[in-house]
1. Going by what's in this entry, would residue 17 be described as in the same structural domain as residue 3 (by TED's automatic domain parsing) and outside any helix (DSSP H, G or I)?
2. When the stretch 28-56 is examined, which residues are found to be touching a strand residue (DSSP E or B) at 6+ places or on another chain (Cβ under 7 Å) and at pLDDT below 85?
3. Could you tell me which numbered condition residue 24 fails, if it satisfies all but one of (1) outside any loop (DSSP other than H, G, I, E, B); (2) within 19 Å of residue 107 (Cα to Cα)?
4. Restricting the stretch 1-27 to residues that are surrounded by 11 or more Cβ atoms within 10 Å (Cβ to Cβ) and closer than 16 Å to residue 103 by Cβ, which is modelled with the highest pLDDT?
5. All but one of (1) surrounded by 11 or more Cβ atoms within 10 Å (Cβ to Cβ); (2) under 21 Å from the mean Cα position of the chain (by Cα); (3) assigned to a helix (DSSP H, G or I) hold for residue 88; state the number of the condition that does not hold.
């Protein structure tokens, strides 16, 4: 699963720029992980990222998928590599969840400030 990115010089980039959908030019974080940089009306960047995380959690933590990954590692005598990758994935997952929570909290605070300013 990948997040759609609008690369400069492409038709998609021209469309996104023309319609004001590009939120920033950075397509990945400091560690090289994908970030959403396009925000469609009614589909906030935070929601897109949250759904990406949810997809990975719901896919890879299914018993059948987990068993298949472990079984292949056992057959291929690749358990040490699987351990390293699993550890890395869990660290990334925790970082993504933390970033997602922070974005939600910041947006909620902005909305509260906006409401209090308009009241």
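1. No, not satisfied.
2. Scanning the stretch 28-56 gives 28, 34, 35, 37.
3. (1)
4. 23
5. Answer for residue 88: the failing condition is (1).
A quick yes/no check of all residues on (1) surrounded by 12 or more Cβ atoms within 10 Å (Cβ to Cβ); (2) in a helix (DSSP H, G or I):
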{"residue": "71", "(1), (2)": "no, yes"}
{"residue": "77", "(1), (2)": "no, no"}
{"residue": "99", "(1), (2)": "yes, yes"}
{"residue": "102", "(1), (2)": "no, yes"}
{"residue": "108", "(1), (2)": "no, yes"}
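The values are calculated or read from the model by the stated rules, or taken from the named source; none is laboratory data. Computed from a predicted structure; not experimentally measured. Don't worry about glycine lacking a Cβ; one is built from the backbone with ideal geometry, like all the others, and counts go over all protein chains shown.
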